[in-house]
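I'd like to ask you about the structure that follows.
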Amino acid sequence: MSNKISRLITILLVMSSFFVAGQGKANEAVAWETYADTLVSQEKFADAIKLYDKIIDKSKLKTDEDYRVLYKRAYAYYGMQDFEKSLRDVNQYLERVPDQQAKLLRIYINQELGDHTAQLADLNEFIEQSPGNPELIRWRASVLMDAGEYKKAQSDLRALLQQQPNPEIESFLGLTYYYQNNPDSALIVFDRVIAQQPSFVQPYLYAGSLCLEQGAYALSLQYINKGLKYEPANATLLFYKGAALVEIEGQQDEGCSCLRKAFNAGFDDAADYLKEYCYGAE
């Protein structure tokens, strides 16, 4: 079970314990709902949805209390990866009940649908209610990066770094320059992170990839080899090393060896390089 699914199941069950205490419900509907909630906790989403459908058909969604089942069905659809239906239900629920947990679910749904604008609208509302919250700001920065809003992402990342230095956040800042086609500024940031935290491998990966894409194979290998000193079995670094070496005359055998190690470690993208550069080697 993924961490995200586990977290949302916890949210759902907490809400269940609150809602089931409501008054004026038929015993049959209570039994259906309790069993459906159990099915959701077991990730048997399709069976849970059938029961939620029966409850909704019976209640006709006349009261706020009835709408809680709509939220639960939205979550079950999310668990089934039927994101359009999940969004439909959660939007209908939020029109009636302004609930924060449902808005959180909607952010996750829109993340899956790739709707960055909708994600940011809800995230901005959360941040307005909790200014300076580092987890929310970091989340927004990642969405902004996904949306290609790199300058806005930089603003959030710098705000986080002002709160507390963090090599991972600063490495993300370097990536924003990279994505803005400013490799020199990106490398300056990566070099700064490396100087401050030499054993932190992420900037070696980013810098090595950047140099590889720029065709600067020797410089790429400098970053990659330094990273491999700390994580010699890192499949991504091995792949980058192999990809750089096969481009250098006289280094193809060693490059193919690295690519095989990366592929055997689960880095499937190495297969294409092996076919192109190493077929028949050894």
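Residues are listed down the side, and each one gets a yes or a no for (1) in contact with a Lys or Arg (Cβ under 9 Å, 6 or more places away or on another chain); (2) outside the structural domain of Val40 (by TED's automatic domain parsing); (3) closer than 29 Å to Ala36 by Cα:
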site: Val69; (1), (2), (3): no, no, yes
site: Met80; (1), (2), (3): no, no, yes
site: Glu95; (1), (2), (3): no, no, yes
site: Pro98; (1), (2), (3): no, no, yes
site: Gln101; (1), (2), (3): no, no, yes
site: Glu125; (1), (2), (3): yes, yes, no
site: Gly132; (1), (2), (3): no, yes, no
site: Ala159; (1), (2), (3): no, yes, no
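Hey, another quick one. Across segment 255-282, what is the total count of residues that are part of a loop (DSSP other than H, G, I, E, B) and modelled with pLDDT of 95 or more?
4
I need the full set of residues from segment 154-172 which are under 19 Å from Ile127 (Cβ atoms), assigned to a helix (DSSP H, G or I) and not hydroxyl-bearing (Ser, Thr, Tyr), in order please.
Gln154, Asp156, Leu157, Arg158, Ala159, Leu160, Leu161, Gln162, Gln163, Ile169, Phe172
Still on this structure, I have one more. Give the residue that is nearest to Ala46 (Cα to Cα), with candidates limited to residues of segment 86-111 that are more than 21 Å from the chain's Cα centre (by Cα) and in a helix (DSSP H, G or I). Walk me through how you get there before you give the answer.
As a first pass, look at segment 86-111 and keep what is more than 21 Å from the chain's Cα centre (by Cα): 88-89, 91-99.
This time we only want the ones that are in a helix (DSSP H, G or I), so: 88-89, 91-96.
Values: Arg88: 17, Asp89: 15, Asn91: 20, Gln92: 20, Tyr93: 20, Leu94: 23, Glu95: 25, Arg96: 25 Å.
Per the criteria, the residue is Asp89.
Shifting gears a bit: For segment 240-254, how many residues are surrounded by fewer than 22 Cβ atoms within 10 Å (Cβ to Cβ) and either in a helix (DSSP H, G or I) or touching a helix residue (DSSP H, G or I) at 6+ places or on another chain (Cβ under 9 Å) (or both)?
So the answer is 6.
What is the number of the single condition among (1) surrounded by fewer than 21 Cβ atoms within 10 Å (Cβ to Cβ); (2) under 24 Å from the mean Cα position of the chain (by Cα) that Asp272 does not meet?
Here Asp272 meets the rest and fails (2).
Can you find, within segment 127-138, the residue that is farthest from the chain's Cα centre (by Cα) among those that are in contact (Cβ under 8 Å) with a residue 24 or more places away in the chain and part of a helix (DSSP H, G or I)?
So the residue we want is Pro134.
Here is a follow-up. Since Ala207 meets every condition but one in (1) part of a helix (DSSP H, G or I); (2) closer than 29 Å to Tyr108 by Cα; (3) not acidic (Asp, Glu), which condition does it not meet?
Result: Ala207 passes all but (2).
A follow-up question, please. Of a type outside the set (Ser, Thr, Tyr), more than 20 Å from Leu39 (Cβ to Cβ) and not assigned by TED's automatic domain parsing to the domain that holds Asp53: which single residue out of Arg138, Arg88 fits that description?
Of Arg138, Arg88, the one residue that is of a type outside the set (Ser, Thr, Tyr), more than 20 Å from Leu39 (Cβ to Cβ) and not assigned by TED's automatic domain parsing to the domain that holds Asp53 is Arg138.
Now for a separate question. Consider segment 208-229. How many of its residues are crowded, with 21+ Cβ neighbours inside 10 Å and in contact with a Leu (Cβ under 6 Å, 6 or more places away or on another chain)?
4
Check segment 144-158 and report whether any residue there is at pLDDT 95 or above, within 16 Å of the chain's Cα centre (by Cα) and of a type outside the set (A, V, I, L, M).
Yes, the conditions are met somewhere in segment 144-158.
Of all residues in segment 189-215, count the ones that are hydroxyl-bearing (Ser, Thr, Tyr) and either within 17 Å of Leu161 (Cα to Cα) or touching a Pro at 6+ places or on another chain (Cβ under 6 Å) (or both).
Going through segment 189-215 one residue at a time, the tally reaches 0.
I would also like to ask the following. Determine, yes or no, whether Leu160 is over 19 Å from Lys229 (Cβ atoms), among the aliphatic types (A, V, I, L, M) and in contact with a Ser or Thr (Cβ under 9 Å, 6 or more places away or on another chain). Steps first, please.
Working: over 19 Å from Lys229 (Cβ atoms): yes; among the aliphatic types (A, V, I, L, M): yes; in contact with a Ser or Thr (Cβ under 9 Å, 6 or more places away or on another chain): no.
So Leu160 does not fit the description; no.
The values are calculated or read from the model by the stated rules, or taken from the named source; none is laboratory data. For clarity, every value in this text was computed on a predicted model and none was experimentally measured. Cβ: placed from backbone, ideal geometry, glycine included. Neighbour counts: every protein chain shown.
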